[in-house]
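Input: a single structure, listed below in structure tokens.
Here, each number is a calculation from the coordinates, and none is a lab measurement. All values derive from a computational prediction rather than experimental measurement. Using ideal geometry, Cβ is built from the backbone for each residue, glycine included, and neighbour counts are taken over all protein chains shown.
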Amino acid sequence: MWLNGKKDDTQTAKRHGDEISYHWTGFQQGTGVEVCVTIKGSERKACQTTEYNG
């Protein structure tokens, strides 16, 4: 897992068909943070920016 371009931690995600998911509370990262994930052994990276939905 990468936060705003800096490696943060290694996490384990779940796979459901083609979808890979990992859940955490918004209070752990805040809002406006770019969260990226990579799959071990792959150079591809998926990113999304956190937002407040409350």
Mind checking which aspartates and glutamates have their Cα closer than 14 Å to the Cα of LYS40? Skip sequence neighbours fewer than 8 apart in that chain. ASP9
In nm, to one decimal, how far is the ILE39 label point from the LYS14 one, both placed 7 Å along Cα→Cβ? 1.8
For TYR22, TYR52, which order do you get if you count the other beta carbons within 10 Å of each Cβ and list the fewest first? TYR52, TYR22
Once every DSSP H run of n ≥ 4 in the chain is given -39500 (n - 2.57) and the sum is divided by its residues, what mean residue ellipticity at 222 nm do you get, rounded to the nearest 500 deg cm²/dmol? -1000 deg cm²/dmol
